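Beneath this line is the structure, given in C-alpha coordinates, with notes to follow.
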Amino acid sequence: MVVKLFLLLAMCVPAWAQDAYPSRPIKLIVSFTPGGGADLTARTVAAKLGEQMKQPVVVENRPGANGLVGAGAVAQSPADGYTILLTDRGALGVNPSLYKQMPYDPTRDFAYIGIATVAPYVLVSDPRLPAKTLAEFLALAKAQPGKINYASFGIASMAQLNLEAFKSRLGVDLVHVPYKGAGPAVQAVVAGDAGITISSPAAVLGFVRDGRLRALAIGAMKRSSLLPDVPTLAESGVEGDLLASTYFALAAPGATPRTIVERLHNEMKRALSAPEVRERLLNAGLEPVGGSAQELLDLVKQDIPRFRKVITEIGIQPE
(Lines give C-alpha, C1' and ligand atoms only; values in the text may rest on other atoms or scores of the structure.)
Protein backbone atom coordinates (compact mmCIF):
# COMPACT_ATOMS: atom_id res chain seq x y z
CA MET A 1 0.00 0.00 0.00
CA VAL A 2 2.82 2.41 0.94
CA VAL A 3 4.65 1.60 -2.30
CA LYS A 4 1.52 2.26 -4.37
CA LEU A 5 0.97 5.61 -2.60
CA PHE A 6 4.58 6.64 -3.26
CA LEU A 7 4.27 5.79 -6.96
CA LEU A 8 1.01 7.73 -7.21
CA LEU A 9 2.58 10.83 -5.64
CA ALA A 10 5.59 10.58 -7.94
CA MET A 11 3.30 10.58 -10.95
CA CYS A 12 1.75 13.84 -9.75
CA VAL A 13 5.07 15.69 -9.59
CA PRO A 14 5.60 17.86 -12.71
CA ALA A 15 8.38 16.75 -15.04
CA TRP A 16 10.36 19.94 -14.42
CA ALA A 17 10.48 19.22 -10.69
CA GLN A 18 11.77 15.64 -11.00
CA ASP A 19 15.28 16.91 -11.84
CA ALA A 20 17.13 19.81 -10.32
CA TYR A 21 16.82 22.80 -12.66
CA PRO A 22 18.64 23.14 -14.93
CA SER A 23 19.48 19.55 -15.88
CA ARG A 24 20.26 20.31 -19.53
CA PRO A 25 21.34 23.27 -21.71
CA ILE A 26 19.20 26.42 -21.81
CA LYS A 27 18.46 28.15 -25.11
CA LEU A 28 18.54 31.96 -25.03
CA ILE A 29 16.81 33.41 -28.09
CA VAL A 30 17.88 36.93 -29.01
CA SER A 31 15.32 38.73 -31.15
CA PHE A 32 17.94 40.78 -33.02
CA THR A 33 20.98 40.25 -35.24
CA PRO A 34 24.48 39.53 -33.92
CA GLY A 35 26.73 42.46 -33.13
CA GLY A 36 24.45 44.97 -31.40
CA GLY A 37 23.72 45.80 -27.79
CA ALA A 38 21.12 43.04 -27.46
CA ASP A 39 23.52 40.39 -28.72
CA LEU A 40 26.42 41.63 -26.60
CA THR A 41 24.22 41.66 -23.49
CA ALA A 42 22.94 38.17 -24.25
CA ARG A 43 26.33 36.60 -24.89
CA THR A 44 28.00 38.27 -21.91
CA VAL A 45 25.24 37.29 -19.49
CA ALA A 46 24.77 33.81 -21.03
CA ALA A 47 28.42 32.91 -20.52
CA LYS A 48 28.25 33.85 -16.85
CA LEU A 49 24.88 32.13 -16.32
CA GLY A 50 26.26 28.93 -17.78
CA GLU A 51 29.23 29.11 -15.42
CA GLN A 52 26.99 29.73 -12.41
CA MET A 53 24.27 27.20 -13.24
CA LYS A 54 26.63 24.45 -14.45
CA GLN A 55 24.78 24.10 -17.74
CA PRO A 56 25.48 25.79 -21.10
CA VAL A 57 23.28 28.75 -22.03
CA VAL A 58 23.25 28.67 -25.83
CA VAL A 59 22.53 31.95 -27.64
CA GLU A 60 20.45 31.78 -30.82
CA ASN A 61 19.70 34.91 -32.88
CA ARG A 62 16.22 35.08 -34.40
CA PRO A 63 15.85 38.61 -35.81
CA GLY A 64 12.95 40.05 -37.75
CA ALA A 65 10.05 42.52 -37.59
CA ASN A 66 11.43 44.73 -34.79
CA GLY A 67 11.93 41.73 -32.50
CA LEU A 68 8.54 40.17 -33.25
CA VAL A 69 9.94 36.90 -34.62
CA GLY A 70 12.19 35.98 -31.70
CA ALA A 71 9.75 37.13 -29.02
CA GLY A 72 6.92 35.21 -30.67
CA ALA A 73 9.01 32.04 -30.79
CA VAL A 74 9.69 32.18 -27.05
CA ALA A 75 6.10 33.04 -26.14
CA GLN A 76 5.00 29.83 -27.89
CA SER A 77 7.77 27.62 -26.47
CA PRO A 78 7.31 25.06 -23.66
CA ALA A 79 7.17 26.82 -20.30
CA ASP A 80 9.90 24.71 -18.71
CA GLY A 81 12.73 27.21 -18.31
CA TYR A 82 14.80 25.77 -21.14
CA THR A 83 13.88 28.42 -23.72
CA ILE A 84 14.18 32.05 -22.65
CA LEU A 85 14.27 35.39 -24.44
CA LEU A 86 16.42 38.48 -24.59
CA THR A 87 14.64 41.36 -26.29
CA ASP A 88 14.32 45.14 -26.15
CA ARG A 89 11.95 47.97 -25.37
CA GLY A 90 10.63 48.18 -28.91
CA ALA A 91 9.57 44.53 -29.10
CA LEU A 92 7.60 44.88 -25.87
CA GLY A 93 6.43 48.50 -25.74
CA VAL A 94 6.27 49.59 -29.39
CA ASN A 95 5.21 46.53 -31.42
CA PRO A 96 1.63 46.45 -30.08
CA SER A 97 1.06 49.74 -31.94
CA LEU A 98 2.78 48.59 -35.15
CA TYR A 99 1.12 45.23 -35.82
CA LYS A 100 -2.57 44.37 -35.98
CA GLN A 101 -1.85 40.72 -35.25
CA MET A 102 0.96 39.70 -32.92
CA PRO A 103 2.13 36.24 -31.84
CA TYR A 104 2.29 37.44 -28.24
CA ASP A 105 0.74 39.87 -25.78
CA PRO A 106 3.63 41.53 -23.92
CA THR A 107 1.48 42.09 -20.83
CA ARG A 108 0.32 38.46 -20.50
CA ASP A 109 2.42 35.98 -22.47
CA PHE A 110 5.76 36.32 -20.70
CA ALA A 111 7.07 35.57 -17.24
CA TYR A 112 9.50 38.44 -16.95
CA ILE A 113 12.93 37.79 -15.45
CA GLY A 114 14.00 41.44 -15.49
CA ILE A 115 15.97 44.14 -17.28
CA ALA A 116 19.61 43.12 -17.74
CA THR A 117 21.03 46.32 -19.24
CA VAL A 118 19.96 49.82 -20.21
CA ALA A 119 21.42 51.64 -23.21
CA PRO A 120 21.02 55.43 -23.06
CA TYR A 121 21.10 57.37 -26.32
CA VAL A 122 23.50 60.18 -27.12
CA LEU A 123 22.36 62.95 -29.47
CA VAL A 124 25.01 63.51 -32.14
CA SER A 125 25.15 66.11 -34.91
CA ASP A 126 27.13 66.97 -38.03
CA PRO A 127 30.06 69.08 -36.78
CA ARG A 128 29.80 71.18 -39.95
CA LEU A 129 26.59 72.69 -38.55
CA PRO A 130 27.22 75.98 -36.73
CA ALA A 131 26.00 74.60 -33.38
CA LYS A 132 28.32 73.38 -30.63
CA THR A 133 25.69 72.84 -27.93
CA LEU A 134 22.13 71.56 -27.77
CA ALA A 135 20.86 75.10 -27.17
CA GLU A 136 22.68 76.33 -30.27
CA PHE A 137 21.32 73.42 -32.33
CA LEU A 138 17.75 74.19 -31.23
CA ALA A 139 18.19 77.85 -32.13
CA LEU A 140 19.57 76.87 -35.54
CA ALA A 141 16.72 74.43 -36.21
CA LYS A 142 14.10 77.00 -35.23
CA ALA A 143 15.71 79.56 -37.52
CA GLN A 144 15.69 77.06 -40.42
CA PRO A 145 12.45 75.05 -40.11
CA GLY A 146 12.37 71.96 -42.33
CA LYS A 147 15.96 72.44 -43.52
CA ILE A 148 17.77 69.97 -41.23
CA ASN A 149 17.31 66.20 -41.64
CA TYR A 150 17.44 63.63 -38.88
CA ALA A 151 18.47 60.03 -39.50
CA SER A 152 16.58 57.15 -37.88
CA PHE A 153 17.16 53.39 -37.75
CA GLY A 154 13.98 52.84 -39.78
CA ILE A 155 10.24 53.47 -39.65
CA ALA A 156 8.94 53.30 -36.05
CA SER A 157 12.44 52.64 -34.68
CA MET A 158 13.37 54.00 -31.27
CA ALA A 159 15.31 56.72 -33.09
CA GLN A 160 12.25 57.93 -34.99
CA LEU A 161 9.96 57.76 -31.96
CA ASN A 162 12.48 59.58 -29.77
CA LEU A 163 13.30 62.28 -32.30
CA GLU A 164 9.65 62.87 -33.19
CA ALA A 165 8.95 63.40 -29.48
CA PHE A 166 12.05 65.65 -29.38
CA LYS A 167 10.62 67.72 -32.27
CA SER A 168 7.20 68.00 -30.70
CA ARG A 169 8.27 68.88 -27.17
CA LEU A 170 11.00 71.34 -28.19
CA GLY A 171 9.12 72.94 -31.09
CA VAL A 172 11.56 72.26 -33.92
CA ASP A 173 10.86 71.13 -37.49
CA LEU A 174 13.29 68.39 -38.59
CA VAL A 175 12.84 66.14 -41.65
CA HIS A 176 12.86 62.38 -41.09
CA VAL A 177 15.13 60.21 -43.26
CA PRO A 178 14.92 56.50 -42.37
CA TYR A 179 17.96 54.24 -42.76
CA LYS A 180 18.32 50.48 -42.42
CA GLY A 181 19.73 50.33 -38.93
CA ALA A 182 21.68 52.38 -36.40
CA GLY A 183 25.02 52.00 -38.20
CA PRO A 184 23.83 53.51 -41.50
CA ALA A 185 22.05 56.33 -39.63
CA VAL A 186 25.28 57.30 -37.87
CA GLN A 187 27.21 57.08 -41.15
CA ALA A 188 24.68 59.43 -42.76
CA VAL A 189 25.46 62.12 -40.21
CA VAL A 190 29.21 61.51 -40.57
CA ALA A 191 28.82 61.96 -44.35
CA GLY A 192 26.73 65.11 -43.97
CA ASP A 193 23.60 63.54 -45.48
CA ALA A 194 21.72 64.13 -42.22
CA GLY A 195 22.20 66.72 -39.51
CA ILE A 196 21.44 64.72 -36.40
CA THR A 197 20.68 61.25 -35.01
CA ILE A 198 20.83 59.30 -31.75
CA SER A 199 23.00 56.29 -30.98
CA SER A 200 24.64 54.39 -28.16
CA PRO A 201 27.77 56.04 -26.73
CA ALA A 202 29.98 53.09 -27.75
CA ALA A 203 28.82 53.25 -31.38
CA VAL A 204 29.81 56.91 -31.82
CA LEU A 205 32.79 57.15 -29.48
CA GLY A 206 35.43 56.96 -32.25
CA PHE A 207 33.63 59.47 -34.45
CA VAL A 208 33.27 61.94 -31.58
CA ARG A 209 36.90 61.61 -30.59
CA ASP A 210 38.19 62.24 -34.11
CA GLY A 211 35.81 65.14 -34.73
CA ARG A 212 33.57 63.54 -37.35
CA LEU A 213 30.55 63.80 -35.03
CA ARG A 214 29.64 66.29 -32.33
CA ALA A 215 27.97 64.88 -29.21
CA LEU A 216 25.38 67.37 -27.95
CA ALA A 217 23.78 65.59 -24.98
CA ILE A 218 23.09 62.19 -23.49
CA GLY A 219 19.67 60.94 -22.44
CA ALA A 220 20.62 59.62 -19.01
CA MET A 221 20.51 60.70 -15.37
CA LYS A 222 24.29 61.04 -15.30
CA ARG A 223 27.10 61.47 -17.80
CA SER A 224 28.57 58.47 -19.59
CA SER A 225 31.98 57.26 -18.50
CA LEU A 226 32.74 56.81 -22.22
CA LEU A 227 31.86 60.45 -23.00
CA PRO A 228 32.46 62.30 -19.73
CA ASP A 229 32.54 65.74 -21.37
CA VAL A 230 29.06 65.34 -22.90
CA PRO A 231 26.31 66.90 -20.73
CA THR A 232 23.04 65.21 -19.88
CA LEU A 233 19.81 66.56 -21.32
CA ALA A 234 18.95 68.10 -17.96
CA GLU A 235 22.33 69.82 -17.81
CA SER A 236 21.60 71.14 -21.30
CA GLY A 237 18.43 72.85 -20.10
CA VAL A 238 15.74 70.48 -21.41
CA GLU A 239 13.65 67.71 -19.86
CA GLY A 240 15.84 64.84 -18.71
CA ASP A 241 13.45 62.16 -19.98
CA LEU A 242 13.24 63.56 -23.50
CA LEU A 243 15.10 60.60 -25.04
CA ALA A 244 13.78 57.25 -23.83
CA SER A 245 16.63 54.80 -23.35
CA THR A 246 16.29 51.33 -24.73
CA TYR A 247 16.72 48.29 -22.50
CA PHE A 248 17.59 44.64 -22.99
CA ALA A 249 15.51 42.32 -20.86
CA LEU A 250 15.13 38.61 -20.15
CA ALA A 251 11.81 36.78 -20.21
CA ALA A 252 10.44 33.25 -20.19
CA PRO A 253 7.16 31.85 -21.58
CA GLY A 254 4.19 33.00 -19.51
CA ALA A 255 3.39 29.72 -17.73
CA THR A 256 6.96 29.06 -16.58
CA PRO A 257 6.93 27.96 -12.91
CA ARG A 258 7.59 30.81 -10.52
CA THR A 259 10.46 28.96 -8.83
CA ILE A 260 12.31 28.74 -12.15
CA VAL A 261 11.68 32.41 -12.99
CA GLU A 262 12.93 33.47 -9.56
CA ARG A 263 16.03 31.29 -9.97
CA LEU A 264 16.77 32.87 -13.35
CA HIS A 265 16.25 36.37 -11.93
CA ASN A 266 18.63 35.72 -9.03
CA GLU A 267 21.23 34.21 -11.35
CA MET A 268 20.90 37.21 -13.70
CA LYS A 269 21.52 39.64 -10.82
CA ARG A 270 24.48 37.59 -9.66
CA ALA A 271 25.97 37.52 -13.17
CA LEU A 272 25.55 41.27 -13.62
CA SER A 273 27.33 41.96 -10.33
CA ALA A 274 30.46 40.08 -11.45
CA PRO A 275 33.31 42.59 -12.02
CA GLU A 276 34.34 41.18 -15.41
CA VAL A 277 30.73 41.24 -16.66
CA ARG A 278 30.17 44.81 -15.49
CA GLU A 279 33.42 45.96 -17.07
CA ARG A 280 32.62 44.45 -20.46
CA LEU A 281 29.11 45.88 -20.51
CA LEU A 282 30.12 49.35 -19.32
CA ASN A 283 32.89 49.52 -21.92
CA ALA A 284 30.21 48.92 -24.55
CA GLY A 285 28.02 51.73 -23.20
CA LEU A 286 25.57 49.34 -21.53
CA GLU A 287 24.55 49.92 -17.92
CA PRO A 288 24.01 46.70 -15.88
CA VAL A 289 20.66 46.85 -14.08
CA GLY A 290 19.29 43.52 -12.84
CA GLY A 291 15.81 44.95 -12.29
CA SER A 292 12.83 43.02 -10.96
CA ALA A 293 10.16 41.28 -13.00
CA GLN A 294 7.44 43.58 -11.65
CA GLU A 295 9.40 46.71 -12.57
CA LEU A 296 9.71 45.45 -16.13
CA LEU A 297 6.03 44.54 -16.41
CA ASP A 298 5.03 47.97 -15.06
CA LEU A 299 7.30 49.68 -17.60
CA VAL A 300 5.86 47.65 -20.49
CA LYS A 301 2.34 48.66 -19.43
CA GLN A 302 3.40 52.34 -19.32
CA ASP A 303 5.26 52.18 -22.63
CA ILE A 304 2.44 50.80 -24.76
CA PRO A 305 0.18 53.91 -24.50
CA ARG A 306 3.23 56.23 -24.44
CA PHE A 307 4.58 55.00 -27.78
CA ARG A 308 1.10 54.51 -29.29
CA LYS A 309 0.51 58.24 -28.83
CA VAL A 310 3.71 59.11 -30.72
CA ILE A 311 3.01 56.56 -33.47
CA THR A 312 -0.53 57.90 -33.93
CA GLU A 313 0.72 61.49 -34.10
CA ILE A 314 3.34 60.53 -36.71
CA GLY A 315 0.64 58.80 -38.75
CA ILE A 316 2.18 55.32 -38.94
CA GLN A 317 -0.48 52.74 -39.75
CA PRO A 318 -0.35 49.28 -38.13
CA GLU A 319 0.54 46.47 -40.51
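Along the Cα-to-C-beta direction of Lys147, a point sits 7 Å from the Cα; which residues of the range 109-134 have their amide N less than 13 Å from that point?
Answer for the range 109-134: 129-131.
At a Förster distance of 25 Å, what's the computed FRET efficiency of Thr107 paired with Glu60, Cβ-Cβ distance as r, to 0.05?
Once rounded, the FRET efficiency stands at 0.50.
All other residues with a Cβ under 12 Å from the Cβ of Phe166 taken together, and with Lys, Arg as +1 and Asp, Glu as -1, what is their net charge? Don't skip to the answer; put the middle values down first.
Numbers: positive: Lys167, Arg169; negative: Glu164, Asp173, Glu239, Asp241.
Within the 12 Å Cβ shell, the charges total -2.
Rounded to the nearest 0.05, what FRET efficiency do Lys222 and Asn283 give with R0 = 22 Å and r taken as the Cβ-Cβ distance? Could you check?
0.85
Along Cα→Cβ, 7 Å out, is where each label goes; now give me the distance between the ones at Glu51 and Lys180 in nm to one decimal.
The modelled label-to-label distance comes out at 3.8 nm.
Determine the gain in length on full extension of the stretch Ala20-Ala139; use 0.36 nm per residue of separation and subtract their C-alpha separation, reporting nm with one decimal.
Contour length minus the Cα-Cα distance gives 36.6 nm.
Please list the radius of gyration and Dmax for the range 186-307, considering alpha-carbon atoms only, with Å as the unit.
Calculated on Cα positions, Rg and Dmax stand at 17.5, 53 Å.
Give me the percent of accessible area attributable to carbon and sulfur for the chain, probe 1.4 angstrom.
56 percent
Work out from phi, with θ = phi - 60° and the Karplus expression 6.51 cos²θ - 1.76 cosθ + 1.60, the ³J(HN,Hα) of each residue of the range 244-252, listed in order in whole Hz, and give x for Gly and Pro.
3J(HN,Hα) across the range 244-252, in whole Hz: 6, 5, 8, 9, 10, 10, 9, 8, 10.
Taking a ≥ b ≥ c as the square roots of the eigenvalues of the Cα gyration tensor of the range 58-132, is the shape rounded (a/c under 1.5), prolate (a/b larger than b/c) or oblate?
Prolate shape, in that a/c is at least 1.5 and a/b is the bigger ratio.
Subtracting the Cα-Cα distance from 0.36 nm times the residue separation, let me have the gained length for Lys132 to Glu313 in nm, one decimal.
That pair, Lys132 and Glu313, stretches by 62.1 nm at full extension.
Given a 1.4 angstrom probe, what's the average accessible area per residue across the range 80-160, in square angstrom?
On the way: 2750 Å² over 81 residues.
Heavy-atom SASA per residue in the range 80-160 reads 34 Å².
Work out, step by step, the length gained on full extension between Asn266 and Gln76: first 0.36 nm times the residue separation, then minus their alpha carbon distance; give nm to one decimal.
Extending this stretch completely gives an extra 66.0 nm.
May I ask for the angle, rounded to the nearest 10°, between helix 2-12 and the longest principal axis of the chain, with both axes built from Cα atoms and the value confined to 0 to 90°?
20 degrees
If each of Ser168 and Asp193 carries a label point 7 Å out from its Cα toward its Cβ, how far apart are those two points in nm?
2.8 nm
Residue by residue through the range 93-104, which ³J(HN,Hα) values in whole Hz follow from phi under the Karplus form 6.51 cos²θ - 1.76 cosθ + 1.60 (θ = phi - 60°), with glycine and proline marked x?
x, 9, 3, x, 9, 9, 10, 5, 10, 10, x, 7
Which whole-number value in Å² is the accessible area per residue of the range 185-319, probe 1.4 Å?
48 Å²
When the Karplus curve 6.51 cos²θ - 1.76 cosθ + 1.60 is applied with θ = phi - 60°, which whole-Hz ³J(HN,Hα) does each residue of the range 147-163 get, with x for Gly and Pro?
9, 10, 8, 10, 9, 10, 7, x, 4, 6, 6, 4, 5, 5, 5, 5, 6
Using only Cα atoms, what Kirkwood radius does the chain have, in angstroms?
Taking the inverse mean of 1/r over all distinct Cα pairs, the chain comes out at 20.7 Å.
Determine the sum of side-chain charges near Gly290: Lys and Arg each +1, Asp and Glu each -1, restricted to other residues whose C-beta is under 11 angstrom from that of Gly290.
0
In whole percent, what relative contact order does the chain give with Cα contacts below 8 Å and a gap of six or more residues?
26 percent
Using a/c under 1.5 as the rounded threshold, could you call the range 18-159 rounded, prolate or oblate? The axes a ≥ b ≥ c are square roots of the C-alpha gyration tensor eigenvalues, and prolate needs a/b larger than b/c, oblate otherwise.
prolate
Might you report the magnitude of the Cβ-based charge dipole of the chain about its Cα centre, with Lys and Arg at +1 and Asp and Glu at -1, to the nearest 20 debye?
140 debye
Shape verdict for the range 140-192, please, from the Cα gyration tensor: rounded (a/c under 1.5), prolate (a/b greater than b/c) or oblate.
Oblate.
The values are calculated or read from the model by the stated rules, or taken from the named source; none is laboratory data. The structure displayed is predicted, hence computed values, not measured ones. Reconstructed Cβ throughout: ideal geometry from the backbone, glycine too, with neighbour counts over all protein chains shown. In case anyone asks, the SASA skips ligands and DNA or RNA and just uses the protein heavy atoms, side chains included. Shrake-Rupley method; radii C 1.70, N 1.55, O 1.52, S 1.80 Å.
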